[in-house]
1. Identify all residues within region A:165-187 that are closer than 21 Å to A:K46 by Cα and among the acidic types (D, E); write none if there are none.
2. Hey, could you check region B:142-155 for residues that are surrounded by fewer than 23 Cβ atoms within 10 Å (Cβ to Cβ) and of a type in the set (A, V, I, L, M) and say which is nearest to the other protein chains (Cβ to nearest Cβ)?
3. Report yes if B:L127 is surrounded by fewer than 19 Cβ atoms within 10 Å (Cβ to Cβ), within 30 Å of B:A112 (Cβ to Cβ), at pLDDT 80 or above and more than 28 Å from the chain's Cα centre (by Cα), otherwise no.
4. Provide a single number: the residues in region B:159-174 that are in a helix (DSSP H, G or I) and within 20 Å of B:E277 (Cβ to Cβ).
5. Residues in region A:96-106: is at least one over 20 Å from A:E183 (Cα atoms), away from chain B (no Cβ under 14 Å), in a helix (DSSP H, G or I) and out of contact with any strand residue (DSSP E or B) (no Cβ under 8 Å at 6 or more places or on another chain)?
6. Inspect all residues belonging to region A:121-136 and state whether any of them is farther than 14 Å from B:L120 by Cβ, assigned to a loop (DSSP other than H, G, I, E, B) and within 11 Å of chain B (Cβ to nearest Cβ).
7. What is the number of the single condition among (1) more than 14 Å from chain B (Cβ to nearest Cβ); (2) outside any helix (DSSP H, G or I) that A:R149 does not meet?
8. Find the residue count for region A:50-72, including only residues that are away from chain B (no Cβ under 14 Å) and either touching a helix residue (DSSP H, G or I) at 6+ places or on another chain (Cβ under 6 Å) or buried (at least 19 other Cβ atoms within 10 Å of the Cβ) (or both).
Amino acid sequence: MNDLSTIEFDHVHYRAPSGTVVLDDVSFTVKRGEVLVLVGRSGVGKTTILRLINRLLVPSAGEVRVEGRATPEWDPIVLRRRIGYVLQEVGLFPHMTIGRNIGVVPRLNGWPEPRIHARCQELLGLVGLDPSTFEGRFPHELSGGQRQRVGFARAIAADPPVILMDEPFGALDPLTRAELHHEFHRIQDQLRKTVVMVSHDMGEAFALATKLGVLDQGRLVALDTPEVIARAGDPRIRMFLDALPPVPVISREAV
Amino acid sequence: MKLFNFWIAHRADMLSAIAQHLLLTLVATAAAIAIAVPLGIVAARRPRLGAVLLTFANIAQTVPSLAMFGFLVAAPLIGGIGARSALLVLILYALLPVMRNTVAGINGIDRAARDAGVALGMTPQQLLLQVELPLAMPTMVAGVRVAAVGGVGAATIAAAIGAGGLGDYIFRGLSMTEPTLILAGAVPAALLALAVDASLGWLERAMTPGAARSRRVTARALVATGIALTLIVMGSFAVSGRWGPRVIIGSKNFSEQVILGELLAQVIERTTDLRVERRLNLGGTFISDQALRSGAIDAYIEYTGTALTAIFHQPVSRDHTDVLSRVTAAYAATDRTVLPSLGFNNTFAILIRTADAQRLHLRTISDVAPHTSSLKTAFGYEFLEREDGYKGLVQTYGLRFAETPHVMDLTLSYRALASGSVDLIAGDATNGLIKGLDLYMLEDDRRYFPPYDAIPVVRTQTLAAHPELRTAIERLAGRISEEAMRQMNYDVDVSHRDVAVVAREFLNRLGVQSPAR
């Protein structure tokens, strides 16, 4: 076991209960502090990869290891509390205030209330929302971008070493999205989490990834740094690159 | 105005009826929540099992409530009369809406919220308590609301099996065709239903996420509602003072029986220190007998002929002494004691309108036989079924009616006769309506009907525990003549006088003294 590798996929196959092969022999490693962005068409198995990591699913064959241990060996509750998850639909609890939402995992972990409160203030500041304004509000009183920020804050509240993000910026307008990309970098520079993110947007992948994977028909067809991917000749990768708008690729420096 | 006067005159009784009604509904609804919510959670988790559970609840819901109460009276162990079986029926009715809405509420939760809960590492129990139940709550409260409002309604019918509550007034009013009495029970029942509906509707809105800014308001309101309800229930129980040892007096569901029950109750209250609880208006012979057997009541007035044929299924006899001794023996064998007859014989009376009697010169049932092909008839359920009822009557007198008899509530059949909808009915010889509605009683010239002497029947066990009960009840022995009974029936049925007042005046005339209190 490599001390630096946090997540390992070792010849993972996944067959859905319906019999459809979703993942076909997928292998990769994510090292501590890396941001892996997985790109692919809808329904290509990107979300399945995330769900395999926090044991919402288990592989049909092969092994998914988190911190060196295969996921079936983990207590799923313990595993999930070590992994922050930002859902595509955000999934804030509509009956809880923003403060309660962010404090969910710390509360599950039995933190004392003053510490939860302090953590919540800190995180709201981190994601750029004024704590005194937002802590007592309910999710339906927030805009889509604000909810995404809260979803992210909730995922990292108990300081998990790993964060999974499922198209977290998918439903946002381009300006808000760019703003959140910027926030993401600022936060990631501070926190150095291991991140696995799923996206269908190559532009977003180039903006955020330290490592970029391309999925096609259940197979990982490319896995490398964004720079190498950008020069690739494989048609299955080129089709994503060609779909990019004819403006300069939004890079970290451009934001 | 009459209605308000009635309420004011009976405020203690009203309050206790409302409390009983509310308590019945509350306990039934609470029990239904305790049962249906866990079942609903299971049903939401396991759709196939859920379908079975919901089907069962659905079937329970479709059985008409009166039929359900009827089943339960006869059912062993769980059955009988009184609040316990009524609760059982009310709980069964409340199950479906609560369970269905629990399932719908849980299944209707935004998938993303549930997924987020799982992904954040909630255990199934934490997910249920922190996410699923709170989000399903408005839907569940809506189900409770349906159940509680339905419960207030169904609880009025529960009075039919002696569970008390506001239905008592309605049933008594129906059997006396007294609108004031019906309204006295129906109006508060309707208001109660509206109040329950409004308060739970408000709670439902308060619990919907987004509508309520602060959950603390909801919690505070819940506590306030709970305290208010407890106070109402406890306060009215205190007013009606129903703690302590007591005997329970029952009666069947027609005016004479209610009057006799009231007489029995008052004579006990006047001459002993026993507390009396009234379970009047229970239902027919069958229900009253079951109640006495099971101990749900301690005493009621039965008629010898009815006991012989309808309860003990023995062949009809026309000899007063023979009937009384056989009935006494049969009751003794089932732990019940017959006390001396009250003095009147409430035999069946074949009734026609006085005008018809005069026009056709009819005096006896034999006289009417040649005319039967043109007569329309209506009979009560019991008369049609009984050994000493319709079948034998037709055979004995060779009656051939134009059409099959209408089956009708006994009291309503008097009205039907008076209004000309039917031409001949079988009533009771002591019914006050005979005088009030100008009806004519045909003589039973072939002595078909057996004697129906009114006798107090008391549980032997109760008599042993309270020997003074025998002395008290025997003060009525032989003191009520047919005329006296018909007059009291007339006072209640036709003059719409209060049963308690009529009974009190009668006891005063008999010289039954209240002990100085």
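1. A:D166, A:E167
2. The qualifying residue nearest to the other protein chains (Cβ to nearest Cβ) is B:A142.
3. Details: surrounded by fewer than 19 Cβ atoms within 10 Å (Cβ to Cβ): yes; within 30 Å of B:A112 (Cβ to Cβ): yes; at pLDDT 80 or above: yes; more than 28 Å from the chain's Cα centre (by Cα): yes.
Judged against the criteria, B:L127 is a match.
4. Just the residues of region B:159-174 that are in a helix (DSSP H, G or I), to begin with: B:159-161, B:167-174.
Now drop any that are not within 20 Å of B:E277 (Cβ to Cβ), which leaves B:159-161, B:167-172.
Number of matching residues: 9.
5. Scanning region A:96-106 turns up no residue that is over 20 Å from A:E183 (Cα atoms), away from chain B (no Cβ under 14 Å), in a helix (DSSP H, G or I) and out of contact with any strand residue (DSSP E or B) (no Cβ under 8 Å at 6 or more places or on another chain).
6. Applying the first criterion (farther than 14 Å from B:L120 by Cβ) to region A:121-136 yields A:121-136.
Cutting the leftovers down to assigned to a loop (DSSP other than H, G, I, E, B) gives us A:127-130, A:135-136.
Now drop any that are not within 11 Å of chain B (Cβ to nearest Cβ), which leaves A:136.
For region A:121-136, residues farther than 14 Å from B:L120 by Cβ, assigned to a loop (DSSP other than H, G, I, E, B) and within 11 Å of chain B (Cβ to nearest Cβ): present.
7. Condition (2) is where A:R149 drops out.
8. Let us first name the residues in region A:50-72 that are away from chain B (no Cβ under 14 Å), namely A:58-65, A:67-70, A:72.
Now restrict to residues that are either touching a helix residue (DSSP H, G or I) at 6+ places or on another chain (Cβ under 6 Å) or buried (at least 19 other Cβ atoms within 10 Å of the Cβ) (or both): A:58-59, A:64-65.
Matching residues across region A:50-72 total 4.
The values are calculated or read from the model by the stated rules, or taken from the named source; none is laboratory data. Note that the structure is a prediction, hence the values are computed from the model and not measured. Glycine gets a Cβ as well: all are built from the backbone with ideal geometry, and neighbour counts include every protein chain shown.
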